[in-house]
1. Can you pull the three principal axis extents for the Cα set of the range A:368-446, in Å, largest first?
2. When the Kirkwood radius is taken over all Cα pairs of the range A:53-137, what Stokes-Einstein diffusion coefficient follows at 4 °C and 1.567 mPa s, in µm²/s?
3. Expressed as a whole percentage, what fraction of the accessible surface of chain A belongs to carbon and sulfur atoms when a 1.4 Å probe is rolled over the protein heavy atoms?
4. Past 18 Å, Cα to Cα, is the threshold; run A:5/A:517; A:206/A:310; A:12/A:487; A:465/A:551; A:28/A:52; A:273/A:408 against it and keep the listed order.
5. Based on DSSP H runs of at least 4 residues, each adding -39500 (n - 2.57), what is the mean residue ellipticity at 222 nm of chain A after dividing by all its residues, to the nearest 500 deg cm²/dmol?
6. Which three extents, in angstrom, do the Cα atoms of the range A:426-577 have along their principal axes, listed largest first?
7. What does the charge dipole of the range A:132-180 about its Cα centre add up to, to the nearest 20 debye, if the Cβ of each Lys and Arg holds +1 and the Cβ of each Asp and Glu holds -1?
8. Over chain A, with the other protein chains present, what is the accessible area per residue in square angstrom, probe 1.4 angstrom?
Amino acid sequence: MRTSKYLIATSKETPADAVVISHQLMLKAGMIRKLASGLYNWLPTGLRVLQKVSRIVKEEMDNSGALEVSMPVVQPAELWEESGRWDVMGDELQRFKDRHDRDFCLGPTHEEVITDIVRNEINSYKQLPMNIYQIQTKFRDERRPRFGVMRSREFIMKDSYSFHLNQDSLDQTYQLMYDTYSNIFSRFGFSFRAVEADSGNIGGNKSHEFHVLADSGEDEIVFSDQSDYAANLEMASAQAPLAERPPSSAELALIPTPDSRSIDDVCNFLGVKQSSTVKTLVVLSDDDEDDEQTLIALVLRGDHQLNEIKAAKVAGVSSPLTFATEEQIRATINCDPGSIGPVKAPVKVIVDRDAAILADFVCGANQDGHHYSGANWERDARIESVEDLRNVEEGDASPDGNGTLSIKRGVEVGHIFQLGNKYSAAMNATVLDENGKSAIMEMGCYGIGVSRIVAAAIEQCHDEKGIIWPDNIAPFHVVIIPLNAHKSEEVTAVSESLYAQLQAIGLDVLLDDRDKKTSPGVKFADMELIGIPHRLVVSDRGLENGQIEYKKRGMPDTQDVAVSDIVAFLKKTVLID
RNA sequence: CGGAGUGUAGCGCAGCCUGGUAGCGCACCACACUGGGGGUGUGGUGGUCGUCGGUUCAAAUCCGGCCACUCCGACCA
C-alpha cells in the first residue's frame with residue numbers, strides 16, 4: 001500500500017472524550033471513529049488489525065476442530081421466549097418489531113440460535129461432541145458504553161458452543177478450549193491470566209475468564225504469588241482464618257457516639273482500629289411469600305468490603321443481593337443504618353469468617369447515636385451462620401495455602417463456561433444415545449472479544465509516541481520512508497524496488513510516498529503513532545554507502561543494513577505467522 | 001437508572017457573566033521557501049453557534065422544553 005492511495009487519518013490532538021490510552025491512540029492513529037455512543041466506524045488501519053486478530057482466532061479455533069458457521073445478527077423473539085430469556089433479560093437486549101409487528105432482537109449472544117440449529121441437525125450421539133463457532137457482530141445496549149471499543153454497544157465476538165452426550169465429554173472440550181484460548185492469547189504476545197469466574201446470568205457452573213493485565217482494566221483479578229490459584233475478585237476467597245477466637249476480656253459497654261455513622265467516624269471518635277470493629281449491612285431475605293420480607297444482617301470486620309456475589313449465594317439471602325431501605329431498617333431495628341449492630345439484633349445475623357474470630361469488638365448498638373465496645377460473640381450476639389462474605393485483599397493468604405494473594409486489573413478478553421443443559425433442556429435439544437434413548441445434550445460456550453482484543457493489545461503495547469504492534473497483528477509489517485524522493489531518482493528507484501521485493505516475500509508493506517510537502521518528521525511521527533513495527537528509511541545519505549536504515553518500533557537504536565541484504569534481513573526479522 | 005457536566009469549522013478551544021460584524025490554534029487549499037523529527041511566510045476554503053420555542057428593535061450570549069454526548073456511580077449473558 002502507498003500512503004498516497006491510503007487513508008492515514010492521524011491527528012495530533014487527543015480527542016477530549018477519550019480517557020483510556022487505547023481509545024485515545026485508536027482515534028489518533030486513525031483506526032476508528034465514533035458514529036454514536038458505543039458505535040464505531042473502523043477505518044482502514046483499524047480494520048486491518050481487526051481482521052488480523054480475527055484470522056488468528058479463526059486459525060486456532062479451526063485447529064481445535066471447531067466448525068465455523070454464521071448466524072444472523074437479528075434473531076426472532078420466539079427462541080428467546082423458549083429459553084425463558086426474553087423476559088429475564090434487561091434492556092441490554094435490544095428488542096424491536098418488524099413490519100409485520102413480530103418481535104425480534106439484535107443478538108447479544110447466540111445460545112438460542114445455535115441450540116436451534118443443533119436440535120434440528122444433530123440426532124445421534126455418534127455426531128457428538130461438536131463444537132461450532134462464528135465470528136460475528138453482537139449488539140448489547142450497554143447502559144454506559146465507554147473506553148472506545150473496550151466497552152461498546154456493537155462489537156465483534158468469536159462465540160462458540162459445544163454439544164455433548166455427557167459431562168465427561170464436556171469436560172474434555174472445556175479443557176481443549178482452555179488450552180486453545182491460552183494459545184490464542186499467547187500468539188498475541190499478551191501478558192494474561194485465566195481466572196476462576198462467576199458464570200453470571202448466562203447460567204451453568206464451571207467458568208473461567210481470560211484477562212489481559214492492564215491498569216485500565218474494568219475487572220479486578222486475584223492471584224497467588226506461589227501457586228496457580230487465580231480468580232476474579234467476585235469469586236476469590238482468602239484462606240479461612242487459622243486463629244481461634246480469643247476469650248472475651250471486656251465488659252459490654254454502651255457508648256454515645258453522636259454524629260458517628262460510618263466506620264471512619266466511629267474509629268476516629270473512639271480511637272480504635274477499623275479491624276477491631278464490625279460493620280453491619282442489612283439486606284433482604286429470599287422469602288418472598290408476602291410483602292413483609294424479613295431482613296438479614298451481614299456482619300464484616302470494619303476494614304473489610306462486602307462481596308455482593310458471595311453474599312447473594314448464602315442460603316436465605318436474596319439474589320440478586322438487595323439492600324434494605326432506610327425505612328425497612330427503621331421499621332424492624334428502629335435505628336438509622338449507621339448505628340446497626342449484631343448485639344440483640346432482631347434479625348438473623350450472618351457473620352464473615354474474619355469478623356467471627358474477633359473478641360471485644362466495637363459495633364453499632366441498634367440505637368441512634370450509640371455504639372457498644374467490648375462486644376463478644378455468643379455472650380452478647382447470636383450467630384446464625386459463619387460465611388465467607390468479603391472481598392479478598394492484597395496480602396491475604398491464598399486459599400490453597402500456598403503464597404499470598406495479589407490483585408491486579410485486567411481486561412476480560414475471553415470467557416469459557418460450562419452451561420450444562422440449561423438451554424438444551426429448555427429448548428428440547430436431544431440426541432439418541434447408544435441405547436436408543438433420548439438424551440438432553442450438555443453444552444459449553446466460549447467467547448472471545450475480538451474487537452476488544454485490539455484495544456487490549458494497545459493497552460499493553462504503547463509508548464509516548466503511539467502504538468507498538470506485535471508483528472502478527474500490525475496493520476503493516478514494514479513502512480518504507482523515502483527521504484527527498486522528489487530530488488533523488490535513486491531514492492525513488494530503491495524505494496520502489498524494495499516495496500515490490502518485500503511484498504513479493506509476503507510482507508504487508510506501506511510505502512510512504514506522500515509528496516515533498518510532507519516533511520520527514522511528519523512521516524516518522526505518523527508511522528510511530530500508527531505503530532508499524534519495522535521501519536526502513538531510504539535516503540541519499542545512506543545510499544552513498546549502499547545502506548538502508550532499519551529501526552524496530554519501540555527500540556532506541558537504528559541500524560544500517562546493506563541494500564543487497566535488506567530483503568533477506570527483513571525476511572528473518574519480521575515474524576509472520 | 002441516580003448524580004455532575006458539555007454541545008460554537010474535521011479536531012482542540014475562546015467568546016456567553018455584561019445581548020449589537022462569529023474568533024484562535026491544528027488540519028485543509030494555493031504559491032514560494034525549507035528538506036533526517038510534527039518547518040517558515042503570504043493568501044485562502046470551511047460554521048443554520050445541538051434543536052425547538054420564548055423574551056427583545058436585536059440572541060452563540062438571557063429564559064424554558066427537547067435531543068445528543070461525556071464523566072462519576074449502579075449495572076454488565
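1. Principal-axis extents of the range A:368-446 (Cα, largest first): 68, 33, 30 Å.
2. 89 µm²/s
3. Answer for chain A: carbon and sulfur cover 47 percent of the accessible area.
4. A:12/A:487; A:28/A:52; A:273/A:408
5. -7500 deg cm²/dmol
6. Cα extents, longest axis first: 81, 31, 26 Å.
7. 540 debye
8. Result: 45 Å² per residue.
The values are calculated or read from the model by the stated rules, or taken from the named source; none is laboratory data. A quick note: this is a predicted structure, and the numbers were derived from the prediction, not measured. Using ideal geometry, Cβ is built from the backbone for each residue, glycine included, and neighbour counts are taken over all protein chains shown. Calculation scope for accessible area: heavy atoms of the full protein, side chains included, ligands and nucleic acids excluded. Shrake-Rupley method; radii C 1.70, N 1.55, O 1.52, S 1.80 Å.
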